[in-house]
4 protein chains.
Amino acid sequence: MLKLADARQLIAAAEAKAAEIGQPMNIAVVDAGGNLIAHVRMDGAWIGSIDISINKAFTSRAFDITTRDLGSNSQPGQQFFGIHASNGGRIMVFAGGIPLRQNGEVVGAIGVSGGSGEQDHAVAEAGAAAL
Amino acid sequence: MLKLADARQLIAAAEAKAAEIGQPMNIAVVDAGGNLIAHVRMDGAWIGSIDISINKAFTSRAFDITTRDLGSNSQPGQQFFGIHASNGGRIMVFAGGIPLRQNGEVVGAIGVSGGSGEQDHAVAEAGAAAL
Amino acid sequence: MLKLADARQLIAAAEAKAAEIGQPMNIAVVDAGGNLIAHVRMDGAWIGSIDISINKAFTSRAFDITTRDLGSNSQPGQQFFGIHASNGGRIMVFAGGIPLRQNGEVVGAIGVSGGSGEQDHAVAEAGAAAL
Amino acid sequence: MLKLADARQLIAAAEAKAAEIGQPMNIAVVDAGGNLIAHVRMDGAWIGSIDISINKAFTSRAFDITTRDLGSNSQPGQQFFGIHASNGGRIMVFAGGIPLRQNGEVVGAIGVSGGSGEQDHAVAEAGAAAL
């Protein structure tokens with residue numbers, strides 16, 4: 001079970017990566033139930049990304065998939081096109097959400113928003129690696 | 001009129017198919033009014049698919065069509081593009097929802113979510129066939 | 001961790017109680033994350049109670065309390081008056097939701113709706129006792 | 001202008017108070033725009049209180065008032081009764097939210113949820129005092 005101390009460790013690693021690439025980010029961590037454990041908005045990060053970071057984390061746990069991969073499957077003509085309208089608008093279909101695994105099981109997810117899709121994904125990866 | 005006993009029979013058939021293909025699913029059945037009769041989430045199935053299974057069933061009854069077919073009509077450039085924004089976010093435009101017919105009349109619908117579009121549709125079909 | 005088989009056992013016990021008192025009910029079970037595992041609407045039960053049963057279960061897990069007790073604390077002038085407006089309208093402040101405990105820990109909740117508050121609570125209790 | 005470092009300082013002080021009274025809490029800090037800077041859910045705190053802590057902070061900044069005082073004004077028969085239905089369900093009318101002032105100006109707010117109204121308010125006060 002993911003604890004607040006774990007979430008903080010992941011967020012610290014993600015923040016360090018965001019600082020390294022010079023792009024302030026919103027970073028959120030959810031537990032196995034998809035419920036928020038912790039969120040931070042770095043100084044100067046977009047306010048529109050508060051919701052997105054939290055919901056990227058939710059989405060990655062909701063389907064045990066990165067939001068980047070879900071995004072590929074959710075383009076027009078693809079098998080999950082329209083999934084972004086489900087779950088009360090909480091499904092994010094662009095990069096920045098990554099499931100967190102321990103001993104092969106998904107125990108939560110991290111969501112990052114504040115830059116390009118590539119940047120968000122890189123920062124989320126740095127966070128996930130700290131677990 | 002679809003009864004709880006019918007819904008359970010459909011769900012059991014759908015579960016058997018899901019077990020056969022090795023993919024845990026959310027399965028929901030709605031009545032002629034589009035209202036939920038029963039829902040199950042098989043152990044290990046995605047939590048993001050709870051809402052989707054219920055709303056695929058709702059959608060299939062709402063328009064008396066499979067969500068796979070509705071999806072084809074709802075791609076960019078097609079006649080129903082944008083329909084996923086209607087009905088308060090309850091319209092699902094990807095495979096897994098199938099209307100239930102008795103004596104030529106739609107009496108409800110089944111919705112399945114938890115795998116690929118093809119898997120979801122196959123499991124829903126197995127459920128519908130049990131009516 | 002609550003499984004689908006557990007949820008079905010609880011629902012069966014709740015249904016038996018509902019049949020005994022002669023009032024058809026909606027019955028829902030959620031897991032430790034507040035996410036729906038299973039729902040049934042007994043034949044003839046109110047369609048307005050679908051949402052209520054699911055959200056009574058959610059509420060009981062969200063605050064580890066029966067919705068009857070939360071209701072007492074949420075009347076005008078009481079400390080939680082207004083809590084029903086939180087969590088996107090998912091908080092139910094009247095009887096019928098009961099947390100499920102195993103070895104002293106809350107592992108989920110059951111929610112029942114379809115009759116008087118007293119009836120709903122009695123049916124939920126019968127369900128919870130089957131764990 | 002409130003920074004992430006400030007929010008963390010407030011949260012640390014609030015956490016210390018929550019630990020002292022032995023009640024795990026959700027703690028959130030918003031800026032002058034009412035937008036979330038940071039949130040933590042202490043281990044064991046209610047998942048229903050995630051939304052409430054964030055929205056108590058939002059409410060306290062939205063009206064530059066503690067949610068305890070707003071609550072007194074929002075009881076049946078009082079001048080603001082019904083305000084909890086505004087702002088898309090984000091207005092919390094029970095104790096736990098406190099505006100943050102610097103040089104006489106409101107620069108944000110703190111919101112706490114996880115215990116009784118009295119406990120939530122005490123923890124929020126401990127947080128606010130750390131500014």
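Some notes on this structure:
- Count of the stretch A:32-54 residues which are within 18 Å of D:Asn26 (Cβ to Cβ) and more than 7 Å from every other protein chain (Cβ to nearest Cβ): 3
- The set of residues in the stretch A:57-74 that are more than 9 Å from every other protein chain (Cβ to nearest Cβ) and within 11 Å of A:Ile110 (Cβ to Cβ) comprises A:Ala57, A:Ser60, A:Thr66, A:Thr67.
- Any hit, the stretch C:67-75, residues being within 27 Å of B:Val30 (Cβ to Cβ) and β-branched (Val, Ile, Thr): yes
- Odd one out for A:Leu4, checked against (1) buried (at least 24 other Cβ atoms within 10 Å of the Cβ); (2) farther than 13 Å from A:Gly127 by Cα: (1)
- The set of residues in the stretch D:111-131 that are touching a strand residue (DSSP E or B) at 6+ places or on another chain (Cβ under 6 Å) and either part of a loop (DSSP other than H, G, I, E, B) or among the aromatic types (Phe, Trp, Tyr) (or both) comprises D:Gly114, D:Leu131.
- B:Phe80, sole failed condition from (1) over 23 Å from B:Ala18 (Cβ atoms); (2) buried (at least 22 other Cβ atoms within 10 Å of the Cβ); (3) hydrophobic (A, V, I, L, M, F, W, C): (2)
- Checking each residue in the stretch B:24-47 for being in contact with an Asp or Glu (Cβ under 9 Å, 6 or more places away or on another chain) and touching a residue at least 60 places away in the same chain (Cβ under 8 Å) picks out B:Pro24, B:Met25, B:Asn26, B:Ile27, B:Val29, B:Ala32, B:Ile37, B:Met42, B:Trp46.
- The set of residues in the stretch B:89-131 that are within 14 Å of B:Ile11 (Cα to Cα), crowded, with 24+ Cβ neighbours inside 10 Å and hydrophobic (A, V, I, L, M, F, W, C) comprises B:Ile98, B:Leu100, B:Ala109, B:Ile110, B:Val112, B:Val123, B:Ala124.
- Apart from one condition, D:Gly33 fits all of (1) surrounded by fewer than 15 Cβ atoms within 10 Å (Cβ to Cβ); (2) under 23 Å from C:Ser74 (Cβ atoms); (3) not aliphatic (A, V, I, L, M); the exception is (2).
- Hey, B:Ala85 free of Cβ contacts under 8 Å to residues at least 24 places away in the same chain, more than 27 Å from A:Gly108 (Cβ to Cβ) and either within 11 Å of another protein chain (Cβ to nearest Cβ) or surrounded by fewer than 19 Cβ atoms within 10 Å (Cβ to Cβ) (or both) or not: yes
- Restricting the stretch B:8-31 to residues that are within 9 Å of another protein chain (Cβ to nearest Cβ) and in contact with a His (Cβ under 9 Å, 6 or more places away or on another chain), the residue that is farthest from C:Ala5 (Cα to Cα): B:Ala28
No value in this document is a laboratory result; all are computed from the given coordinates. The structure presented is a predicted model; accordingly, all values stated were derived computationally and were not measured. All Cβ positions, even for glycine, are placed from backbone atoms using ideal geometry, and neighbour counts span all protein chains on display.
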